[in-house]
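Enquirer: Structure incoming, see below.
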Amino acid sequence: MSPPFLIIETGQPVASLRRHRGFPHWIRVAAGLRPDDAVAVNVEAGDALPAHAGFAGVIVSGSAAMVSDRADWSERSAAWLGEAAQAGVPVFGICYGHQLLAHALGGEVGDHPGGREMGTVEIRKAAPAADDPLFGPLPDAFPAQVTHLQSVLRVPDGASVLADNGHEPCHAFRWGDRAWGVQFHPEFSATHMRGYVRARQVALAREGHDPAAILGGVGATPQARRVLRRFVHHARHLQRG
């Protein structure tokens, strides 16, 4: 039997979507993992992280929290992530998890100077993605679901930016050959994304965005979801290797 994946839960979905369960469930389903293929640990609620040995890989969820706030649970998780990545454990960070991984490895995270990015947006592959095991097979541009206020402002030393767009210069990075972060949400369906836009429509309007236009632009993002599935496949291949 293959070792399970560890899903580090760093937050909860917006209240209107919690009837669809939490991020670990969304991630597990999007990744194609069976219930017994994954173990979830809610670090935001105070759960202790286990030893990183014995897991096929680690997936870190998104959160409404801010990495720059340096909450105790977040800093403890960052230290754990840094040790796991340094030890060669396959790691995949999503949104907050992407930022937390960058912070853990010595990068810089903070408020995006251009403000909020939300909705279904186009992501472009950067040159280093051509031979990346997760991003290499993707088309040069693909849609993805996004919702974020903070960003990786500086990637860790030795990291490669794999994807960007006109708003976000680091939509994905790889550090070494076993650690990835993505600012977008491969686990979000169009239903999830519409729920987030509706939950944030007052803030969006206040910031000068058009919530109706963003809502109307939400669509399916199968290529983004495949990045998460390729991570699972790649991590299992490394484990067997």
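Enquirer: If you check residue 84 against the conditions, is it of a type in the set (A, V, I, L, M) and open to solvent by 10 Å² or more (accessible area, probe 1.4 Å)?
Expert: no
Enquirer: Still on this structure, I have one more. Tell me the helices (runs of 4 or more DSSP H) entirely within the range 169-241 that contain at least 3 residues that are among the charged types (D, E, K, R).
Expert: 222-240
Enquirer: Same structure again: Among the residues of the range 9-24, is any closer than 23 Å to residue 230 by Cβ, at pLDDT below 95 and loosely packed, with under 14 Cβ neighbours inside 10 Å?
Expert: No: zero hits.
Enquirer: Quick one: which residue in 156, 139 is open to solvent by 20 Å² or more (accessible area, probe 1.4 Å) and either among the small types (Gly, Ala, Ser) or assigned to a loop (DSSP other than H, G, I, E, B) (or both)?
Expert: 139 is the lone residue from the list that is open to solvent by 20 Å² or more (accessible area, probe 1.4 Å) and either among the small types (Gly, Ala, Ser) or assigned to a loop (DSSP other than H, G, I, E, B) (or both).
Enquirer: For residue 129, only one of the following conditions fails: (1) surrounded by 15 or more Cβ atoms within 10 Å (Cβ to Cβ); (2) part of a strand (DSSP E or B). What is its number?
Expert: Of the numbered conditions (1) surrounded by 15 or more Cβ atoms within 10 Å (Cβ to Cβ); (2) part of a strand (DSSP E or B), the odd one out for residue 129 is (2).
Enquirer: If you don't mind, there's one more thing I want to ask. Among the candidates 45, 30, single out the residue that is crowded, with 17+ Cβ neighbours inside 10 Å and at negative phi.
Expert: On the way: 45 fails: crowded, with 17+ Cβ neighbours inside 10 Å.
Every option except 30 fails the conditions.
The values are calculated or read from the model by the stated rules, or taken from the named source; none is laboratory data. Just so we're clear, the structure is a prediction, and the values are computed from it rather than from any experiment. Every residue, glycine as well, gets a Cβ built from its backbone with ideal geometry; the counts of neighbours run over all protein chains shown. Note: areas computed on protein heavy atoms with side chains; ligands, DNA, RNA excluded. Shrake-Rupley method; radii C 1.70, N 1.55, O 1.52, S 1.80 Å.
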